[in-house]
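What follows is a set of notes on a single structure, which appears directly below.
The values are calculated or read from the model by the stated rules, or taken from the named source; none is laboratory data. All figures in this text were calculated on a predicted structure; none of them were measured in a lab. All Cβ positions, even for glycine, are placed from backbone atoms using ideal geometry, and neighbour counts span all protein chains on display.
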Amino acid sequence: MLPAAEKTLDIYFIDVEGGQATLLVTPDKQSMLIDTGWPGFGDRDADRIVKVAKKAGLKKIGRASCRERV
């Protein structure tokens, strides 16, 4: 049996309009957001992402990957 890792890669799945955003956070707090949700909706998606980023201990998100909505 392997000992538990002291530091982990944390993955957060965030419910956004039309699917989910995924936030990856490394042990040294580097981060990447995949899919940012939709603009509008009273900033609903952005607010959800910010809430999770703060919970993860982030002050900002390092990189983001957005797909074009058609």
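Some values worked out for this structure:
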| read-out | value |
| --- | --- |
| Residue ID - surrounded by the fewest Cβ atoms within 10 Å (Cβ to Cβ), chosen from residues in the range 27-59 that are without any contact (Cβ under 8 Å) to a residue 24 or more places away in the chain and touching a Ser or Thr at 6+ places or on another chain (Cβ under 9 Å) | P27 |
| Qualifying positions in the range 13-44 - at pLDDT below 90 and in contact with a Gly (Cβ under 6 Å, 6 or more places away or on another chain) | V16, E17 |
| Strands (runs of 3 or more DSSP E) wholly inside the chain that include at least 1 residues being under 12 Å from the mean Cα position of the chain (by Cα) and among the basic types (K, R) | 63-65 |
